[in-house]
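Below is one structure, written out as structure tokens, with a few remarks after it.
The values are calculated or read from the model by the stated rules, or taken from the named source; none is laboratory data. These numbers were taken from a predicted model, which means no experiment stands behind them. Quick reminder, even Gly has a Cβ in these numbers, built from the backbone with ideal geometry, and neighbours come from all protein chains shown.
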Amino acid sequence: MNFDTIPEHQMLRDSVRHFLDAELPEKTIREYDRARKIPRSIWPKLAAQGWMGISLPEEYGGAGGDIMQGTILCEELSRRFPSLGTDWLLTSMTARVFMEVGTPEQKAHYLPLLTKGEFLMGFGMSEPGGGTDVLSLKTRASLSNGEWTVRGQKLYTSLADDADAILVLCRTEPETEGKRARGMSLVLTPRQQPAVTVRRLELMGMRAACTCEVFFDDAKAPEAAVLGERGRGWYHLLASLDEERILCAAMYVGITSAALEQALQYALDRQAFGRSIGQFQAVQHPLAEVATELEQIRLLTYKAAWLLSQGRECATEAAMAKLAATETAVRATDKCMRILGGYGLVEETPMERLFRDTRLGPFSPISNEMVKNFLGERMGLPKSY
Ligand SMILES: Cc1cc2nc3c(=O)[nH]c(=O)nc-3n(C[C@H](O)[C@H](O)[C@H](O)COP(=O)(O)OP(=O)(O)OC[C@H]3O[C@@H](n4cnc5c(N)ncnc54)[C@H](O)[C@@H]3O)c2cc1C
């Protein structure tokens, strides 16, 4: 199957590139990366193109597209600006959870705001004591007098500084022996209140994604702020796992393709020993390897997206795509950066930023060790943890 021959997909790809050329030239991206923040104003602009709810129904302000379109969009946003891809993915996934398990009132209220880019939502799952082992989380919420009180700490909550609310995965029911996944809920907690404090983390990569530590010191949320069924928050998240992994893979397909384009251009332009360095076999081979691996991860990612768009089982393919794309991007940016020589380390080059940004992929939103554990089980091997 040739996924590139579908005209609507090519049109979408072209329009995202045109938009980004106009709105986010490299100089602007560099400023945002240094400021470690993407201005809020970008989200309504993406929304005006129909890209904040590309695969959500039109009745909620979405574009009524499918996961294939989401995949192409995520790839293109990340090709230009991976931090934007990260925050877009996060926003899409929280909107997806609203779509899947929200009450009619919650959907009618929040989805149009999300798809207009007027309401920003962080997602607080990871904690200092539990990232991979997320079910060990300690944040709790209790209900009394028609109000939730949220107490705990989240680590690595992207967008949190700017967010209007944070969708907090927390324990609301007592723990059942041997069933840690039960008793968690998703509580939409307003960000702008004194009991919620946020500290921005100074990260090496994905700097502009604005990833924060968040403290909830008896923060308040209305009773109706629980998304989905009380005590079943973890299971609600599992429903969108395949989509999240596919979009994550698309991000790193985009990054790999950006790194290859730059290295290729440099190989053609840079002269050494009276010829372009692209004439040296030692420069051609890594480029050929990256081009081949890029095709592999793109096909794997699009296959998983296509299966999902057909309503077919794709958990294995989505996990493989996430694993392959994130590991490939790390290797590819390394190889491509070497071709740029010293210039690859200069802050003004996109390569330097891409190299830093790829470091997130192998462990987030799920670590590749856990992806391999999952694939091992799928192959019939015993659970390893
Ligand atoms: C820039 C950035 C943005 C993020 N955004 C968000 C966000 O918006 N919301 C959110 O909730 N989280 C977010 N995260 C958190 C991210 O999802 C976690 O970093 C990730 O889940 C890994 O958790 P950890 O960092 O605590 O690693 P740990 O859990 O401490 O793992 C450390 C290492 O141990 C390995 N390991 C652990 N258990 C096993 C096992 N059973 N088998 C094999 N290996 C194992 C892991 O693979 C990893 O290599 C973000 C992180 C970053 C850096």
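Structure notes:
- Condition met for VAL196 (more than 13 Å from the ligand (Cβ to nearest atom), in contact (Cβ under 8 Å) with a residue 24 or more places away in the chain and touching a Cys at 6+ places or on another chain (Cβ under 8 Å)): no
- Residues of the stretch 82-102 satisfying the condition of being of a type in the set (D, E, K, R) and more than 12 Å from the ligand (Cβ to nearest atom): ARG96, GLU100
- Residues within the stretch 47-84 that are closer than 10 Å to LYS116 by Cα and buried (at least 24 other Cβ atoms within 10 Å of the Cβ), tallied: 3
- When the stretch 103-159 is filtered for residues that are closer than 20 Å to VAL196 by Cβ, part of a loop (DSSP other than H, G, I, E, B) and within 10 Å of the ligand (Cβ to nearest atom), the ones remaining, listed by number, are MET125, SER126, PRO128, GLY129, LEU137, LEU159.
- Any hit, the stretch 66-78, residues being under 19 Å from the mean Cα position of the chain (by Cα), assigned to a loop (DSSP other than H, G, I, E, B) and at pLDDT below 95: yes
- Helices (runs of 4 or more DSSP H) wholly inside the stretch 271-385 containing at least 3 residues that are away from the ligand (no atom under 16 Å from the Cβ) and either basic (Lys, Arg) or surrounded by 14 or more Cβ atoms within 10 Å (Cβ to Cβ) (or both): 281-309, 315-339, 350-358
For every residue, the table says whether it meets (1) out of contact with any Asp or Glu (no Cβ under 7 Å at 6 or more places or on another chain); (2) in the same structural domain as LYS107 (by TED's automatic domain parsing); (3) modelled with pLDDT of 95 or more; (4) within 14 Å of PHE215 (Cβ to Cβ).
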site	(1), (2), (3), (4)
GLY130	yes, no, no, no
ARG140	yes, no, yes, yes
LYS154	no, no, yes, yes
ILE166	yes, no, yes, yes
ARG171	yes, no, yes, no
PRO174	yes, no, no, no
GLY183	no, no, yes, no
VAL198	no, no, yes, yes
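- Filter pass, GLU229 being among the charged types (D, E, K, R), assigned to a strand (DSSP E or B) and either more than 16 Å from the ligand (Cβ to nearest atom) or touching a residue at least 40 places away in the same chain (Cβ under 8 Å) (or both): no
- When the residues of the stretch 228-261 are filtered to those that are under 10 Å from the mean Cα position of the chain (by Cα) and closer than 11 Å to ARG96 by Cβ, the one that is surrounded by the fewest Cβ atoms within 10 Å (Cβ to Cβ) is GLU244.
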